[in-house]
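Below is one structure, written out as C-alpha cells; the observations come after it.
The values are calculated or read from the model by the stated rules, or taken from the named source; none is laboratory data. In this text, all values refer to a predicted model and were calculated from it rather than measured experimentally. Using ideal geometry, Cβ is built from the backbone for each residue, glycine included, and neighbour counts are taken over all protein chains shown.
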Amino acid sequence: MEGLIQLVITIIIAGLICWLLLWLIDYAGVPEPFHKIGKVVIVAVAVIFICYALLGVAGMRVPGPVR
C-alpha cells in the first residue's frame, strides 16, 4: 500500500512540474518553432519518468545508468 501512495504522490508532483514548465513556456512568449519543440520535449520527459515510476512499482527491474 505504501508503494501505491508513493506512486500517486510521484505522479502528482511530476504532473505539477510538467504543467508549470508548460505554463512557463506559454508565459515567456518563446518563438513558435522553439515553443512547440519545448512542449514536446517536456511532455516526452514526463511520460518517460511516469513510465519509469510505474515499472518500478510493478516490480519490474528497470535498468539504471551504467557504471
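Take the residues in the stretch 36-51 that are surrounded by 14 or more Cβ atoms within 10 Å (Cβ to Cβ) and not charged (D, E, K, R); name whichever of them is nearest to Gln6 (Cα to Cα).
Looking at residues that are surrounded by 14 or more Cβ atoms within 10 Å (Cβ to Cβ) and not charged (D, E, K, R), I get Ile50.
Select, from Leu4, Leu24, Leu16, the only residue that is out of contact with any His (no Cβ under 7 Å at 6 or more places or on another chain) and within 20 Å of Gly59 (Cα to Cα).
Leu4
Of the residues Ile25, Ile9, which single one is surrounded by 10 or more Cβ atoms within 10 Å (Cβ to Cβ), free of Cβ contacts under 8 Å to residues at least 12 places away in the same chain, in a helix (DSSP H, G or I) and of a type in the set (Val, Ile, Thr)? Even if it seems obvious, please write down each step before you answer.
Working: Ile25 fails: free of Cβ contacts under 8 Å to residues at least 12 places away in the same chain.
Criteria check complete, one pass: Ile9.
For the structure I just gave you, tell me whether Leu54 is modelled with pLDDT of 90 or more and under 14 Å from the mean Cα position of the chain (by Cα).
Answer is no for this residue.
If Ala14 satisfies every condition in (1) loosely packed, with under 14 Cβ neighbours inside 10 Å; (2) within 16 Å of the chain's Cα centre (by Cα); (3) of a type in the set (Gly, Ala, Ser) but one, which is the exception?
Failing condition for Ala14: (1).
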